[in-house]
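Participant: Starting off with a structure, shown below.
Rule-based calculations on the coordinates, nothing more; no lab input. Quantities reported herein were computed from a predicted structural model and do not represent experimental measurements. Cβ coordinates were reconstructed from backbone atoms using ideal geometry, including for glycine residues, and neighbour counts include every protein chain displayed.
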Amino acid sequence: MGLSEAARIQPARRRLVELLLGGGVLSSIAAFVYPVLRYLIPPPVPDLGGDEVVASKVADMKPSSSKVFRFGTRPALLLMTAEGEYRALSAVCTHLSCTVQYRNDLHQVWCACHNGLYDLTGRNVSGPPPRPLETFQVHVRGDEIVVSRKREA
Amino acid sequence: MSLFTGVQAWLDERFHWAELIGPLKKKTVPIHKLSYWYFLGGITLFLFFIQVGTGILLLLYYRPGANEAFESVQYIMTRVQFGWLIRSIHSWAANLMIFTAFAHMFSVIFLRAYRKPRELTWLSGMILLFLAMGFGFSGYLLPWNTLAFFATKVGTEITGRVPVIGHSMMVFLRGGEEVTGATLTRFFGFHVAVLPGLTALFVLIHLGLVQYFGMSVPPGLESRWKASPGEARQMKFFPNFLLRELMAWYIALGVLGALAAILPWELGTKADPFAAAPAGIRPEWYFMFMFQTLKEIPAKLWFMDGEVVGILVFGFAGFLWLLLPFFDRLGRGRGRRLIMGAGLFALSYIIALTIYGYMAK
Amino acid sequence: MDTWRNNGFLRALFVLLVVSASAGKVFAQVQNTCLDCHGALDPPLQVTEQQFSTDVHSQKGLTCASCHGGDPAKADMDAMSKAAGFRGKIQRSQIPELCGHCHSDGAFMRNYNPSLQTDQLSQYKTSVHGKLFAKGDTKVAVCIDCHGVHGLRPARDTRSKVHPLNIAQTCAHCHADASYMKGYRIPTDQFAQYSTSVHHDALAVRGDLSAPTCTTCHGNHGAAPPGVDSVQNVCSKCHVFQDQMYEKSTHKAAFQSAGLPGCVVCHSNHGITHPTDAKLGTGPQATCMQCHKPGDVCDQARVEMLTGLTRLDEAFKNAHNVLGLAETSGMEVSQARLDEDQAGDALTKARVTIHSFRQDLVDHDIKEGLQIASKTLQTAQNALAERDYRRKGLGLALVFILMSVVGLFLYIRQLEGHAPKV
């Protein structure tokens, strides 16, 4: 198309086209760049905690006490035995998946649903549970107690 | 002097810019009824760029390793701002890219663009298709969910059935005898380093060859245009065809965005190597036709194992497929008909077996 | 016959024939020649080597003679010698004492299995079976009826008649047989009822070996129905919370003074089906209204509890549905699912609290549950809102893309003087 032909098209029409094209391209580029920029900003929670979680502060745990915390998408139990050792177990009962609790009077882990009992290493010792509770590793890091999944070999 | 021409002058003084882009400015695209098919290659390239882009973004948050992979993808989907968008676009574009790659290949067959002198273009293109499927296979495992784990198990198992070298191939792929975290690490290495490097190389070769030979025209039209050159219609690549390609790319982008927002890619459940395989394990759709074929073959064919026969047949067919252009000049017109027939058969077979594979469960 | 008895050669020949005819014998250590003949006989005298080798007694080195007497080393009819103590077929009336001869002897059993109980016979004597047996009734169960004989496996073995998975069938062999049980004046529908129960479902269908079967509640050797006052003790072995609440409730005193069997009154004994809120209602499954009068204070409390539970159940289901909607729209809701589990737990807890029969306690649990359910609903609705936000964002982006595509189209037209054609 020659320049003279182009000039015959009304300037208004040309402006509209330029506006549409320019505006469309710019705004669509913005619509792509905006999410990417937001994506690059690290979220406030740096970890989903699937592998490692701060279960508690050292100061909050006393001998023969326990704390329920979230580990990944399931509840877990942090214990401190009478001798001062930390243990971390899954809090999901292996019988019918109720949430277990620590019983200070028994020094055992108890499931209220059908009276199942586990010892403090997670072994099922009485009642319906067919398998021991899953165990996790516990480290103390500074003033925090960190629970992590056992590493795959 | 506008900014645009100013920059051009600056480049020209140093790199003889005008000379360099001269031939590109003269590049034309033949226009005929079937020209729309020319877009497919460009769309595949565009989707590859999308993959590289979203892939790099995903790399900022993804963690390879059986303990963390699934959780990191979950993190991307739920915590990272627009992580769901980047991840879903990556998964959808992967499938779309393989689809357009296949469509591009079949259009090349039916438009007979593989003919001399473009044999190497065909070869490099086929290699790119295999690399794309390798991308798909390796990438599928990376979220480390149940479906992916078992699909990889089955897929590498089949590789292991190849005679003589099968077992070594399987061990190489798996990083061991079984599918484990080592497999994940290995697939990650393939997916983000080995395959991108090879693909970049072959894309350059492929594009270079396409530039060198120009766009192919269907043979009937070609001879007509040779006879009366006045009839030949060409369109300038810059800016006319490029603008149209841009339209196509924009539409593809819109489709991708819609898919990502309305049909987000599933996370699944974390893989447990000790659990039993769930029912209905199957590979991604682009492997389905081969998978279903192997399932249909009876366990024993004469004295040989049915599955091994299937694998060998596919291997041999793939080999012949690579050499397709060289059959074109067999006999008079016979080679051509053979190739068209093979192309038609392959297309129908792939479609039929893929549909059958999904229905027969 | 004289020739036979006195002809040593003939007898030796016979021995040779019999021994060679029983090739494949496995008894290297202990000789048990009885099976040489009895393996070839027809029932009821038939006991094959294969059958007896599965018997735990045989595996411990006992022979036929251990129970039947005689001499297992002798090769022919001499084995059945009265001099060697041969007793022939043991009469049913002799069986418990015979088994008890070893099994009640602590010192003897210690040689074989120190942790095995030795009170079976004394327990048996306290059971309904044992008491009737003492009066001369030989139709009742004796040891071999439940444990089998000649192919007796330990209870741990899944093929044993007294393995937990098989016990109900074993008891039903007699107790479900109406003609056999005629004259005892007890029902024969226990097994049929039990088969409809949640316990049967857990045990036989889900394979949960901790679920109760007949002997769990009735005892095994000392089998007897738990007394009316003892039912609660039996159930409380597993259902601890329900027991604790019932113990402090008004119903405990009321049922006890009326001589009613505790838990069984509302839940039945054998056909314990999964309890639903309908038990609190007025329909066919209504339990409370079987005793209470419409309009009295208990009826009002019942209505309150049922209303509360229904409200919590609906709130839970609502949250569940919205969450499902969010999930199928592609939203990632695993955290919300965790919260939802807690809401489900709260509902279960409220239902357990019914056993206190105190409306205020049930109310308290329901309030807690409603809080959790509303939190889950909130999370689910947030997920849906996020989904809508994404779709709006998509819409906007599509508008820009459309603008660009139309703009390109018009630009090409402007450039070329006609609508874009490839």
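Participant: Each label point is 7 Å from the Cα along the Cα-to-Cβ direction; what then is the distance between the points at residue C:131 and residue A:106, in nm?
Facilitator: Going by the 7 Å Cα→Cβ label model, 3.4 nm.
Participant: Okay, next question. Between residue C:45 and residue C:169, how high is the FRET efficiency from 1/(1 + (r/R0)^6) when r is the Cβ-Cβ distance and R₀ = 30 Å? Nearest 0.05. Intermediate values should be presented prior to the final figure.
Facilitator: Values: r = 27 Å, r/R0 = 0.89.
My answer for the efficiency is 0.65.
Participant: In deg cm²/dmol, rounded to 500, what helix-only [θ] at 222 nm does chain B give when every DSSP H run of at least 4 residues adds -39500 (n - 2.57) and the total is split over its residues? Can you show the working numbers first?
Facilitator: On the way: 15 runs with 242 residues, N = 361.
Mean residue ellipticity at 222 nm (helix-derived): -22500 deg cm²/dmol.
Participant: Given charges of +1 on the Cβ of Lys and Arg and -1 on the Cβ of Asp and Glu, with all other atoms neutral, how large is the dipole of chain B about its Cα centre, in debye to the nearest 20?
Facilitator: Details: 31 positive and 19 negative charges, 273 e Å.
Charge dipole of chain B: 1320 debye, to the nearest 20.
Participant: To continue, here is another question. Give the lysines reachable from residue B:236 as a straight Cα distance under 21 Å; neighbours fewer than 8 places away on the same chain don't count.
Facilitator: Within the straight-line limit of under 21 Å, residue B:236 reaches these lysines: B:25, B:26, B:27, B:33, B:226, C:421.
Participant: When chain C is treated as a GNM, springs tying every alpha-carbon pair under 10 Å, which of C:265, C:231, C:198 comes out with the largest mean-square fluctuation?
Facilitator: Checking each option, the largest mean-square fluctuation is seen for C:265.
Participant: How many Cβ atoms of partner chains, on average, are near each residue of A:27-38 if near means within 10 Å of its Cβ?
Facilitator: On the way: counts 7, 14, 2, 2, 10, 6, 0, 3, 11, 7, 2, 5.
What the average comes to for A:27-38 is 6.
Participant: Here's something else I'd like to know. Distance from the Cα centre of the stretch C:195-261 to that of the stretch C:60-103, in angstrom?
Facilitator: Rounded to whole Å, the Cα centres lie 41 Å apart.
Participant: Please state the charge dipole magnitude for the stretch A:52-148, taken about the Cα centre, from unit charges on C-beta atoms (+1 on K and R, -1 on D and E), reported in debye and rounded to the nearest 20. Display every interim value, and only then the final one.
Facilitator: On the way: 10 positive and 9 negative charges, 45 e Å.
So the magnitude is around 220 debye.
Participant: Check every DSSP H run in chain C and write down those whose alpha carbon atoms cover 20 angstrom or more along the long axis and whose mean Kyte-Doolittle hydropathy is -0.5 or greater. Intermediate results must be reported in sequence, preceding the final value.
Facilitator: Values: long enough: C:297-328 (46 Å, -0.03); C:334-353 (29 Å, -0.88); C:359-416 (83 Å, 0.13).
In chain C, the long hydrophobic H runs are C:297-328, C:359-416.
Participant: Then there's this: Toward the positive end of the charge dipole of the protein assembly as shown, about the Cα centre and with charges on Cβ (Lys, Arg +1; Asp, Glu -1), which of C:186, C:398, C:297 goes farthest?
Facilitator: C:398
Participant: For residue A:57, which lysines qualify as cross-link partners when the Cα separation must be under 19 Å and same-chain residues fewer than eight apart are set aside?
Facilitator: A:67
Participant: Connecting C-alpha atoms closer than 10 Å in a GNM of chain C, tell me which of C:88, C:283, C:393 has the biggest fluctuation.
Facilitator: Its mean-square fluctuation being the largest, the pick is C:393.
Participant: Select from C:232, C:31, C:169 the residue whose mean-square fluctuation is largest in a Gaussian network model of chain C (Cα-Cα springs shorter than 10 Å).
Facilitator: Result: C:31 has the largest fluctuation of those listed.
Participant: Hey, another quick one. Averaged across the residues of C:339-349, what count of C-beta atoms belonging to other chains lies within 10 Å of each residue's C-beta?
Facilitator: Values: counts 0, 0, 7, 2, 0, 0, 5, 0, 0, 3, 1.
Averaged over the peptide's residues, the number is 2.
Participant: What distance in nm separates the two pseudo spin-label positions at residue B:345 and residue C:413, each 7 Å out from Cα along the beta-carbon direction?
Facilitator: Once both label points are built, they end up 4.8 nm from each other.
Participant: For chain C, what is the mean residue ellipticity at 222 nm derived from helices alone (per DSSP H run of n ≥ 4: -39500 (n - 2.57); sum divided by total residues; nearest 500 deg cm²/dmol)?
Facilitator: Details: 21 runs with 227 residues, N = 422.
My calculation for chain C gives -16000 deg cm²/dmol from helical runs alone.
Participant: Any idea how far the Cα center of the stretch A:48-94 sits from the one of the stretch C:299-314, in Å?
Facilitator: So the separation of the two Cα centres works out to 37 Å.
Participant: Can I ask one more? Can you tell me the orientation of helix B:306-322 relative to chain B, as the angle in degrees between its alpha-carbon axis and the longest Cα principal axis, to the nearest 10?
Facilitator: Tilt of helix B:306-322: around 10 degrees.
Participant: Okay, next question. How would you classify the stretch B:1-144 from its alpha-carbon gyration tensor, with a ≥ b ≥ c the square roots of the eigenvalues: rounded for a/c under 1.5, else prolate if a/b is greater than b/c, otherwise oblate?
Facilitator: Details: a/c = 2.66, a/b = 1.39, b/c = 1.92.
Oblate, because a/c is 1.5 or more while a/b does not exceed b/c.
Participant: Rounded, prolate or oblate for chain B? Axes are the square roots of the Cα gyration tensor eigenvalues, ordered a ≥ b ≥ c, and the cut-off for rounded is a/c under 1.5. Write out the running numbers ahead of the final one.
Facilitator: Numbers: a/c = 2.16, a/b = 1.29, b/c = 1.68.
Cα axes put chain B in the oblate bin.
Participant: Mind pulling the angle between the C-alpha long axis of helix A:11-40 and the longest principal axis of chain A? Nearest 10 degrees, somewhere in 0 to 90.
Facilitator: The angle comes out at about 20 degrees.
Participant: Here's something else I'd like to know. If neighbour count is taken as other Cβ atoms inside 10 Å, put B:153, C:131 in order from fewest to most.
Facilitator: On the way: B:153 19, C:131 14.
Neighbour counts put them in this order, fewest first: C:131, B:153.
Participant: Report, ordered by chain and residue number, the lysines lying within cross-link reach of residue C:74, taken as a straight Cα distance under 17 Å and ignoring same-chain residues fewer than 8 apart.
Facilitator: Reachable lysines: C:25, C:82.
Participant: Let me make sure I get this right: for chain C, a, b and c are the square roots of the gyration tensor eigenvalues over alpha carbons, sorted descending. Under 1.5 in a/c it's rounded, otherwise prolate if a/b > b/c, else oblate. Which is it?
Facilitator: On the way: a/c = 4.19, a/b = 1.82, b/c = 2.31.
It comes out oblate by the Cα gyration axes.
Participant: Provide, for the stretch C:297-418, the number of lysine pairs with alpha carbons under 22 Å apart, each pair being eight or more places apart or on different chains. Could the numbers behind the result be given before it?
Facilitator: Working: C:317/C:349; C:317/C:367; C:317/C:375; C:349/C:367; C:349/C:375; C:367/C:375.
Within the stretch C:297-418, the lysine pair count is 6.
Participant: Give the relative contact order (percent, whole number) for the stretch A:52-148; include only Cα pairs under 8 Å separated by 6+ residues.
Facilitator: Working: 219 pairs, mean separation 26.1, N = 97.
Value for the stretch A:52-148: 27 percent.
Participant: Moving on to the next point. If you look at just the Cα atoms of the stretch C:297-418, how large are its Rg and its Dmax in Å?
Facilitator: Considering the stretch C:297-418 through its Cα atoms, Rg and Dmax are 24.9, 90 Å.
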